[in-house]
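Just below is one structure, and these are the notes that go with it.
The values are calculated or read from the model by the stated rules, or taken from the named source; none is laboratory data. Fair warning: this is a prediction, and the values are worked out from it, not measured in the lab. FYI the Cβ positions are ideal-geometry reconstructions off the backbone, even for glycines, and counts take in every protein chain you see.
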Amino acid sequence: MLTINLNGTAREVDADPDMPLLWAIRDRLDMTGTKYGCGIAQCGACTVHLDGQPVRSCQTRLGDVGAAKVTTIEGINGKVAEAVQGAWRRLDVVQCGYCQSGQIMSAIGLLTEKPKPTDADIDSAMDGNICRCGTYQRIRAAIHEAARSLA
Amino acid sequence: MLKLDLTDAPVPSRRAFLGAAAGGAVLLAFRLDLRGARAAEGGPDLSKGPAQPNAFVRIAADDTVTVMIKHLDMGQGNTTGLATILADELDADWAQIRVAFAPADAKLYNNMLMGPVQGTGGSTAIANSWFQLRKAGAAARAMLVAAAADSWGVPAAEITVAKGVLSHKSGKQGRFGEFAGAAAAKPVPQEPRLKSPAEWTLIGKGVPRIDSVAKTDGSAIYSLDVRRPGQVTALVAHPPRFGASVRRVDAEAAQGMPGVVAVVTIPTGVAVIARDTWTAMKAREALRVEWDESAAERRSSDAILAEYRQTATTPGLVASQAGDADAAIKGAAKVIEAEFSFPYLAHAAMEPLNATIERAADGMFDVYAGCQIQTIEQAVVAATLGVTTDKVRLHTQWAGGSFGRRATPGADYFAEAAAIVKAWDGKAPVHLVWTREDDMAGGYYRPQVYHTVKAGLDAKGQVAGWRHTMVGKSIMIGSPFEAMLVKNGIDGTTVEGASDTPYGLPAYRFEVHNGREGVPVLWWRSVGHTHTAHVMEVVIDELAHAAGADPVAYRLSLLTRAPRLSGVLRLAAEKAGWGGKNPEKGRGLGVAVHQSFGSYVAMVADVSAGESGVKVERVIAAVDVGVAVNPDVIRAQVEGAVGFALSSVLRNRITLKDGVVQETNFDTYQPTRLTEMPRVEVHIVPSDVPPTGIGEPGVPVLAPAISNAVFAATGQRLRSLPLDLSSLRGA
């Protein structure tokens, strides 16, 4: 039995330490907002924050999480998170929506580091998140919109 | 009438890989009538259907109004559009509207353009529901008014309704929830008055998407997120080649792993059942399976394409013809010959295929999935489990994309899930999960297709004759839809968009050959139009250039009998600044226009071609979908179509080496990424014609517009997809 700090709560996980954090969250703790897309860190659908930093949970061993604070889409809060979610909703970014948890986690990471990102900043922070529906134009616009609302 | 016939007829061996699990074939009287849902164009007159408020609207005492959605929403936003249509006639307030996916019920919830089948496809959700939901909303409104009239003792005609509030000039006011119970007892008016467009308060106004909140806070439940009490996860080891089957299994190591519940052999492979996905993955790796490959497809995709090239030189089935194309080309002043190849394509929706089946305490089977053709899925699950269809309940979930893949004529992954439940005797709810690799290597691709075209111009540059041959595997032959959708050996989904071209060609002949390889193929967002539109629009462009004509003007001269196509072409050209000052060196504009699924789309692509390669900078689109129920959702679908289709223009291909699929994840089959996304502008033609769909029609025109723009920028004509852009860098 391992214990992780998930969205501010200590949670016991009955799983092999080799299990990727993604599957521990989804299957052992039934928190399904974090998505499985590829399992090889190519798509970003599984992005969560470890101590505030976006990471691919499909490549993070449960046993390596230790005392780090794990934040999933269900646990985000604060000014930046609200700005991002608000912009995503005002611009109706989502289509199928399956990748958007990961997109939002990456976008919050970017705006926390750089409150006024340039297009180049958005390129480098967001290029690892695939959206098969092709909502990229609105993702870019929503990040700029969130930045404006934070200013 | 529902005509659903489950037979015990053996599945043809050629399709054994696809259908064996069902243990029988599902025969459906199926039609797909896309003549725009308008009696005037020879289509069914959907305005004559009954008013069914009880099927489509639930008004609760708490004043919420739930619209029943008979379709799958895989991202195209139809839940928002369908709810808008009903809510407008009901005069509801958008804030009180909720949506719920309807159960499988082909009598109540059939797709009016698919006959007795409940299903989503062919960009028909809005088109087939337009009158049905307006009537349901208007009837429900009339019933609420009648109930309020009783309660207030005033004439119904004096009651007005706006934003979910019923009012009378005496000052009486009430909300829907107060009258819902009494309204339900009122007779259903069969011909309720429908609003005129001027009265619409929601249609065309752009209400916010109804799923935006749940899809941005992690609360939307997709099929993969379904968690039933005691649920286990199943992964299936599939054969490495299509058409192979299990010969022998050594499951000892897998079965001994902690967390593994069972290993069962099913018609499509070997299923590992475990307490979670990761454990099932590890256990599947530990299986030792020996495959019987005696019936397997062992050819490489290159070899199949080479056979296609050969086949194309022989006479094929004639899909359409007029005049004597050969003689016209013989006598032509100029002749253009072009060949095009298109690879297999995976749908690669972000949510891999999966489904959960649970045997409920009442003896029923509950199915939780991104159900796309509910009538077939329900029948296939029932047939596989050996129960009657009424013992299977479907619970449609949000789907993380589909692009056609969740809808297979044999309901392949539903059958597989049911086969596991049956083999394991339904001991617990089973969640069948396909990994990304299973999903991408599992077949059901957009067919590999080969086209040749020979076209002649007369001395004035007018088209004299067009000779066109296509080779590709039919989607419908061998499927339950064959009898309905294949005529004289010709599958309409192979030739659509070419053999029925709206261009006024004086002499033409379209021939088709059906490929026979053992690779499962399927519709892929916009189906046959994915390749036919590209060929038609690139060749027309070549003819325009050969004639020394402007590509837009040349097209317009051939579209004199196609006013809506001409309309979108003119609009896109105007908005793109077509015909303005010459773009800088290495920059080019290309245009394409096409009709599909009753909708009309033109695109102008603005491409730069330099040292660092080709970049699509901008795409300007114009669309005509009739009434724009939600303009912003329409714009989003066209933007998304560009992002989706771009990867197939730039690089995507599924290849087989000795029968084994080579691309199995996003590293080797990479969708478009954010940095590649062009700026997209979408312009909508105002219209009061009943609406058609926009989920698919944005896709076909992107590739030819880009190809034509690359020619404009570089002078080089790239025809086959994906475009061989590396050849430009050497130029």
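General observations
- Single condition B:Leu725 does not satisfy, out of (1) crowded, with 23+ Cβ neighbours inside 10 Å; (2) more than 14 Å from every other protein chain (Cβ to nearest Cβ); (3) not small (Gly, Ala, Ser): (1)
- Put simply, of B:Glu337, B:Glu358 the only residue that is part of a strand (DSSP E or B) and out of contact with any Asp or Glu (no Cβ under 8 Å at 6 or more places or on another chain) is B:Glu337.
- Yes/no for B:Val642 being at the interface with another protein chain (Cβ under 7 Å from one of its Cβ atoms), in contact with a Leu (Cβ under 8 Å, 6 or more places away or on another chain) and either among the acidic types (Asp, Glu) or in a helix (DSSP H, G or I) (or both): yes
- Qualifying residue in segment B:415-424 (condition: assigned to a strand (DSSP E or B), within 25 Å of the chain's Cα centre (by Cα), more than 14 Å from every other protein chain (Cβ to nearest Cβ) and farther than 30 Å from B:Gly331 by Cβ): no
- Criterion (within 26 Å of B:Gly456 (Cβ to Cβ) and not in a loop (DSSP other than H, G, I, E, B)) met by exactly one of B:Val593, B:Val607: B:Val593
- Residues that are facing chain B (nearest Cβ under 8 Å) and small (Gly, Ala, Ser), drawn from segment A:25-49: A:Gly33, A:Gly37, A:Gly39, A:Ala45
- Failed condition for B:Pro686, given (1) away from chain A (no Cβ under 14 Å); (2) under 30 Å from B:Ile203 (Cα atoms); (3) in contact (Cβ under 8 Å) with a residue 60 or more places away in the chain: (3)
- Qualifying residue in segment B:458-465 (condition: within 14 Å of chain A (Cβ to nearest Cβ) and among the hydrophobic types (A, V, I, L, M, F, W, C)): no
- Restricted to segment B:210-318, the set of strands (runs of 3 or more DSSP E) holding at least 2 residues that are touching a strand residue (DSSP E or B) at 6+ places or on another chain (Cβ under 9 Å) and within 22 Å of A:Asp27 (Cβ to Cβ) comprises B:232-237, B:260-266, B:269-274.
- Of all residues in segment B:485-521 being part of a helix (DSSP H, G or I) and free of Cβ contacts under 8 Å to residues at least 40 places away in the same chain, the one that is nearest to B:Ala407 (Cα to Cα): B:Thr493
- Counting residues in segment B:373-384 that are surrounded by 24 or more Cβ atoms within 10 Å (Cβ to Cβ), in the same structural domain as B:Gln231 (by TED's automatic domain parsing) and without any contact (Cβ under 8 Å) to a residue 60 or more places away in the chain gives one or more.
- Against the criterion of being crowded, with 20+ Cβ neighbours inside 10 Å, of a type in the set (Lys, Arg) and within 25 Å of A:Gln137 (Cβ to Cβ), A:Arg56 qualifies.
- Unmet criterion (only one of (1) more than 10 Å from chain B (Cβ to nearest Cβ); (2) more than 30 Å from A:Asp14 (Cβ to Cβ); (3) in contact with a Gly (Cβ under 9 Å, 6 or more places away or on another chain)) for A:Gly52: (2)
- For segment B:166-209, the set of residues classified as of a type in the set (Lys, Arg) and either within 23 Å of B:Gln397 (Cβ to Cβ) or part of a loop (DSSP other than H, G, I, E, B) (or both) consists of B:Lys169, B:Lys172, B:Lys186, B:Arg193, B:Lys195, B:Lys205, B:Arg209, listed by residue number.
- Residues located in segment B:236-283, provided they are in contact with a Ser or Thr (Cβ under 9 Å, 6 or more places away or on another chain), under 26 Å from B:Val521 (Cα atoms) and not small (Gly, Ala, Ser): B:Val236, B:His238, B:Pro239, B:Val246, B:Pro267, B:Thr268
- Note on segment B:340-355: residues that are away from every other protein chain (no Cβ under 14 Å), within 17 Å of B:Ser647 (Cβ to Cβ) and part of a strand (DSSP E or B) amount to 2.
- Condition check for A:Arg89: within 7 Å of another protein chain (Cβ to nearest Cβ), free of Cβ contacts under 8 Å to residues at least 60 places away in the same chain, charged (D, E, K, R) and farther than 30 Å from B:Trp524 by Cβ: yes
- When residues of segment B:425-443 are limited to those that are under 22 Å from the mean Cα position of the chain (by Cα) and more than 14 Å from chain A (Cβ to nearest Cβ), the one nearest to B:Gly698 (Cα to Cα): B:Gly443
- Screening the candidates A:Glu82, A:Glu145 for the property of being free of Cβ contacts under 8 Å to residues at least 24 places away in the same chain and more than 8 Å from chain B (Cβ to nearest Cβ) yields one hit, A:Glu82.
- Filter result for B:Ala139 (in contact (Cβ under 8 Å) with a residue 24 or more places away in the chain, part of a helix (DSSP H, G or I) and either out of contact with any Phe, Trp or Tyr (no Cβ under 6 Å at 6 or more places or on another chain) or over 30 Å from B:Asp45 (Cβ atoms) (or both)): yes
Listed here are the residues, each with its yes/no results for (1) under 19 Å from B:Lys205 (Cβ atoms); (2) in contact with a Lys or Arg (Cβ under 8 Å, 6 or more places away or on another chain); (3) among the polar types (S, T, N, Q); (4) surrounded by fewer than 24 Cβ atoms within 10 Å (Cβ to Cβ).
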site: B:Leu86; (1), (2), (3), (4): yes, yes, no, no
site: B:Ala95; (1), (2), (3), (4): yes, no, no, yes
site: B:Ala102; (1), (2), (3), (4): no, yes, no, yes
site: B:Pro116; (1), (2), (3), (4): no, yes, no, yes
site: B:Ile126; (1), (2), (3), (4): yes, no, no, no
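- Against the conditions (1) surrounded by fewer than 23 Cβ atoms within 10 Å (Cβ to Cβ); (2) farther than 21 Å from B:Lys195 by Cβ, B:Asn111 satisfies every one except (1).
- The residue that is surrounded by the fewest Cβ atoms within 10 Å (Cβ to Cβ), counting only those in segment B:206-255 that are more than 14 Å from every other protein chain (Cβ to nearest Cβ) and among the polar types (S, T, N, Q), is B:Gln255.
- Residue match in segment A:25-32 (condition: touching a residue at least 24 places away in the same chain (Cβ under 8 Å), among the aliphatic types (A, V, I, L, M) and surrounded by fewer than 20 Cβ atoms within 10 Å (Cβ to Cβ)): no
- For segment A:107-141, the set of residues classified as more than 10 Å from chain B (Cβ to nearest Cβ) and closer than 28 Å to B:Pro352 by Cβ consists of A:Ala107, A:Ile108, A:Gly109, A:Leu110, listed by residue number.
- Test: residue in segment B:596-612 that is within 14 Å of another protein chain (Cβ to nearest Cβ), closer than 22 Å to A:Tyr136 by Cα and not hydrophobic (A, V, I, L, M, F, W, C): no
- Some residue of segment B:264-271 being closer than 27 Å to B:Ala283 by Cβ and free of Cβ contacts under 8 Å to residues at least 24 places away in the same chain: no
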